[in-house]
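Report on one structure; see the data block that follows.
Read-outs: derived from the displayed coordinates by stated rules, not from any lab. Model, not experiment: these values are computed from the prediction. Here the Cβ is made from the backbone with ideal geometry for all residues, glycine too, and neighbour counts use every protein chain on show.
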Amino acid sequence: MTALLTILLSFAGAAVCGLMRPRDHRQIRWVALGTSIAGLAVALFCWQRYEAEGGIADLVDIPWIPEMGVSFLTGYDGISLPLLLVTGLVAVCGVLFTWDLKERANEFYAYFLTLIGGVYGVFLSLDLFLLFVFYEIAVVPKYFLIANWGGERREFAAMKLVLYSFAGSALVLLGLLAVYFAAGVESFSLVDLGHLTERERFTPGFQAIVFPILFVGFAILAGMWPFHTWAPTGHVAAPTAASMLLAGVVMKLGAYGCLRVAVGLLPAGAQVWAPLIAVVAIVNIGYGALVALRQNDFKYVIGYSSVSHMGFVLLGIATLHEVGMTGAVLQMFSHGVIGAVLFAMVGTVIYSRTRSRKLDEFNGLIDRMPGIAWVFVIAGLASMGLPGFSGFISELYVLIGVWKSDYLTGHKGWVLVGAGLGILLTFGYTLVKIHEAFFGVRHPDGNGAPLKPYKPMTTPEIIGCAILLGASLLIGLFPQLLTGVIGPSVEIIINRLPG
Amino acid sequence: MSYELLLYALMPDLFVVVGIFLALGLDYTWLRGRGIEDRNRVVARVATWSLLLGLGAMAQVDFAGINVGEGQLIYTQTSITLKALVFVLAAVVVELCARVNICRHVSEFYALLLLSTLGMGLVITGGNLLSAFVALELTSLSLYAMTALWQHRRASAEAALKYLAFGGVSAAFLLFGLSYLYGATGTLELVRITQYVAAQSELPPLIVLAYVFILIGIGFKIALAPFHFWAPDVYQNAPTPAAAWVASGSKIAAVVLLINLLAPAFGDNPAPRIALGTALAALAVLSMVWGNLAALRQTNLKRLLAYSAVANAGYLLVGLVAFTPVGRASVLFFALVYSLASIGAFGIVSLLADRLDRDAEIDDFRGCWKTMPILSGLFFVFVLSMASIPPLAGFVGKFYLFYAAIGSQPDVAGWSEGWYWLVGLALVMSVVSLYYYLKILKPFLVFEPAGAPLERPANAASATAALAVLAMLIVIMGVYPQPFIDIFRSMG
């Protein structure tokens, strides 16, 4: 029951925040911070206690709608654990980076915590119906977070994001029903259905048809090219805490569904489609990076870099190899924390001082905000996948996975070259954009007086950056902390592959 | 059949009949010359109490297995529950009417409301062609009159005339269909008709023709495209509580009648299933596409809800094409859930906008979150339930429909078999519908008011409480739907 506390606490926190008065925004943010810290603590506690060797821990099974074989079935394994952790981390930091929010704070945190609760719910669900319910609960608050507190073109961006998400979930729903009726055991339980997969209940022909429906449905939310266009507009228009969640956590919902549901239940279908997915993943990496290189709006740079990084997750899944898929899960964690810190820096730390996100309007930032600039450089290095940070380990795992994969025969070499080029491009745009932002134009303003320095980072900002970058560094230095739990769980899915 | 039994079985309805006479009588005598507010208050209380006493009678009396006069009154757990729910919904509508002075003819309006409730109850418990038709027409005639009673709006009378004209034609179609059914089978009792059809190896053409007419007739009543043309005008221009009632109670009654009339297709004989299934699927496709696409470009909230009602009638048929007990239960569940959300949404509009002297546009509701967070929150629940967002009941309802449709024929070799294609289309249309549901939520929850926002309605406490009960029901049915499903599964 312990893990369920994450969901319950988040929803309870959302209710409390929603019922408070808007003018009590100081108290509200403390409630939100307390709730998200409690969620993180529960996630850490689960991680610390997890020793199931890849199996499912903390199983809760309550019959819910027996008519349709739906049960309230939750638990976590090595794949959900890193994602629970990243959700907790990003939630805490999201509150920290929104510390000054005053306008309609009660509603903001009610939506925010509902979203968090839904995300925890997806990662803990072991019943497809329940998973779908939480998946949709996580989508709706995003609309209101963006439409209410977002930046320019927020209504358009919010609507686009929600329609894309729901188009994806419509596909998912169709796929779920197909799997359910093909299984014929009147159960939506991932555990039961997983056993049936192992006993080859689903014919290869069925899997080849239904797998792409489920995979694409989930992958839309993971930002898969060519369905990624909601992501940059959504990320850019969203308020900081929401774009942190979007990039850090919500895109992972999609990738998690791809891995757990699509590949986990229909492995033979995955085998058929893996080569194509790998190609699309390469396009994701390269296209995202190239578009990021062309942007002038700093937030769009980060938005497209998210698309690019999610390409590695998809590539890792497409390897259908233990190392590659471990890398994919690790990359979800890694991009979760790094994407969040980048959005926080651009959306709040820098924007609140410069009142601009245009790279060509920044003027001498390295002198005027040296501390912030160096923190951003560190975050950029982490995003590039510098050794010592988690991104390095996860991308390395993915590449090794591609190398070892048995299912990318024929164009494995090209995939490797493509991924390698993608990493180079990532280096390229990160360095170029850091240069443009901080070390670029340095001319004094009109009367020749030196430019005034900006105020340094506030305490909540420092704590938030330290938590997120610290997490990336910790996993970069001690990857065994996560790979040790991810590996055995991924192996269970790998073992379902026929042949 | 004894009179004693008849009186016993009609006890809930008798309370309502007494309520009607009491309301009219009090208004004509004791309340004569009083102000309209006084009259409205007293008559509304009479109406509420007659409905509550009727509900009490339903709870007290043991109806098990009552079957009066060749199926003219059949009580089962399902029919009793539905009838009780219709009474509850009627009580909510009374609560909504009680705080606006719709017209000078106070008691007549409530009497019509109670009469239509009576009709709906009798449709639901009817298992006989004649009584069901008469009861349905009792409902419809009352609704036509209620539509016309917003006396200071000309459009109200125009809408009522349109409703009457379309409704009259539909009643003719329905009656024609029923008479063919009678002619072909020689009985008015639905149970016997079902037995007759089950015994035929091939469906007689007369019966096929009968069902074509019946589908057209009932298609009008539940606003299926292409028989929906009356709906937008009526929803927009009827007194808002009456529109809520047209959208909810009358829909439940017509859906139950449709299910009852389709009983032969649920039997072992597959012959009626094939022909009827195709016809229903075609109507479903048309309604979902037409309703959703037309709703996209509406700027009037009530008119938009009318097109959304057309779309929802389409979804409803998706569950019915399967002709399985699961499908029947899913259709009833969905119809009920949709009605709850519908009354809720219209109720909010009535509370906020009925005091304006013009038609409220969607943009008039800008900034409601600021002045009335509770009503905005309730509207949020109702609309999200219509948009089938979990954990609200609308989601479970729609999921159950799709589950039933696909489950009736899960093994498919090609796309032409099974109902995957229909469910797929319904899912696509649900995504489309999300656009306009969010569009109507935006002013309530997102936008800053342009100019002065709508003021908080005065003396709305009891109406708000009634709407809150609806919202709670929606949440409960979404989070814990099994007990409701059990009731609907026990039918037939």
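Report the net charge of residues surrounding B:Glu455, where surrounding means a beta-carbon distance below 15 angstrom and charges are Lys +1, Arg +1, Asp -1, Glu -1.
Charge balance in the 15 Å sphere: +2.
Treating only the Cβ of Lys, Arg, Asp and Glu as charged (+1, +1, -1, -1), what charge dipole size does segment A:4-494 show about its Cα centre? Round to the nearest 20 debye.
Computed charge dipole of segment A:4-494: roughly 1600 debye.
What do you get when you divide the Cα radius of gyration of segment A:351-497 by 2.2 N^0.38 Å, with N the number of residues?
Ratio of Cα Rg to 2.2 N^0.38 Å: 1.39.
If packing is taken as the average number of other Cβ atoms within 10 Å across a peptide's residues, how do B:448-457, B:82-91, B:330-339, B:49-58 rank, most packed first?
Listed from highest to lowest mean packing, they are B:330-339, B:82-91, B:49-58, B:448-457.
Taking each residue of A:169-181 in turn, how many C-beta atoms of other protein chains fall within 10 Å of its C-beta, and what is the average?
Mean shielding count: 5.
Taking the alpha-carbon distance from A:Lys142 and a cut-off under 24 Å, which lysines remain once sequence neighbours fewer than 8 residues away in the same chain are dropped?
By straight Cα distance, A:Lys142 reaches A:Lys102, A:Lys160, A:Lys252, A:Lys299, B:Lys370, B:Lys398, B:Lys439, B:Lys442.
Is there a simple number for the mean count of other chain Cβ atoms within 10 Å of the Cβ of residues in B:399-411, and what is it?
Whole-number average of other-chain Cβ neighbours for B:399-411 is 4.
Run the dipole for segment B:270-492 about the Cα centre, Lys and Arg Cβ at +1, Asp and Glu Cβ at -1, nothing else charged, and hand back the magnitude in debye, nearest 20.
20 debye
Among A:72-81, A:15-24, A:395-404, B:184-193, what's the highest-first ranking by average C-beta atoms within 10 angstrom per residue?
Packing proxy ranking, top to bottom: A:72-81, A:395-404, B:184-193, A:15-24.
Which of the listed residues, A:Leu381, B:Leu425, B:Val18, is farthest toward the dipole's positive end in the protein assembly as shown, when Lys, Arg count +1 and Asp, Glu count -1 at the beta-carbon?
Towards the positive end, the residue furthest out is A:Leu381.
Could you go through segment A:463-473 in sequence order and give the Karplus-derived ³J(HN,Hα) for each residue, using 6.51 cos²θ - 1.76 cosθ + 1.60 with θ = phi - 60°, rounded to whole Hz, and x for Gly and Pro?
Result, rounded to whole Hz: 4, x, 4, 4, 4, 5, 5, x, 5, 4, 5.
Note down the nm distance, to one decimal, between modelled labels 7 Å out along Cα→Cβ at B:Val469 and at A:Asn495.
Here the answer is 5.6 nm between the modelled labels.
Please provide three numbers in whole Å: the alpha-carbon extents of segment A:167-219 along the principal axes, with the largest listed first.
Largest first, segment A:167-219 extends 30, 21, 15 Å along its Cα principal axes.
Chain B: D in µm²/s via Stokes-Einstein (Kirkwood Rh, Cα pairs, 10 °C, 1.306 mPa s)?
This corresponds to a translational diffusion coefficient of 70 µm²/s.
Just checking the output field for B:472-481: average partner chain Cβ neighbours within 10 Å of each residue's Cβ?
Per residue, the number of nearby Cβ atoms from other chains is 1 on average.
Which residue, chosen from B:Phe63, B:Ala91, B:Cys103, occupies the Cα position most advanced towards the positive end of the dipole of segment B:42-116, where the dipole is computed from +1 (Lys, Arg) and -1 (Asp, Glu) charges on Cβ about the Cα centre?
The Cα lying farthest towards the positive end belongs to B:Cys103.
Sorted from fewest to most neighbouring beta carbons within 10 Å, what does the list B:Asp486, B:Asp268 look like?
Exposure proxy ranking, most exposed first: B:Asp268, B:Asp486.
Counting helices only, and only those DSSP H runs with n ≥ 4, report the 222 nm mean residue ellipticity of chain B as the sum of -39,500 (n - 2.57) divided by its residues, in deg cm²/dmol to the nearest 500.
-24500 deg cm²/dmol
Find which of B:Gly127, B:Leu470, B:Phe346 sits farthest along the positive direction of the dipole of chain B, computed with +1 on the beta-carbon of Lys and Arg, -1 on that of Asp and Glu, about the Cα centre.
Result: B:Phe346.
In whole Hz, what ³J(HN,Hα) sequence does segment B:65-74 give by Karplus (6.51, -1.76, 1.60; θ = phi - 60°), x for Gly and Pro?
Couplings: x, 6, 9, 9, x, 6, x, 6, 9, 10 Hz.
Hey, could you get me the Stokes-Einstein D for the protein assembly as shown, Kirkwood radius over alpha-carbon pairs, 4 °C and 1.567 mPa s, rounded to whole µm² s⁻¹?
43 µm²/s
Whole-Hz Karplus ³J(HN,Hα) for segment B:314-328, in order, using 6.51 cos²θ - 1.76 cosθ + 1.60 and θ = phi - 60°, x for Gly and Pro?
So the Karplus estimates, Gly and Pro as x, are x, 4, 4, 5, 4, x, 7, 4, 6, 6, 10, x, 4, x, 4 Hz.
For segment A:4-494, what does the relative contact order come out to in percent, with C-alpha contacts under 8 Å and a separation of six or more?
Over segment A:4-494, the number comes to 17 percent.
Which value results when the Cα radius of gyration for chain A is divided by 2.2 N^0.38 Å?
Ratio of Rg to 2.2 N^0.38 Å for chain A: 0.93.
Where a Cα-Cα gap under 28 Å defines reach, which lysines qualify for B:Lys162, not counting those fewer than 8 residues away within the same chain?
B:Lys221, B:Lys251, B:Lys302
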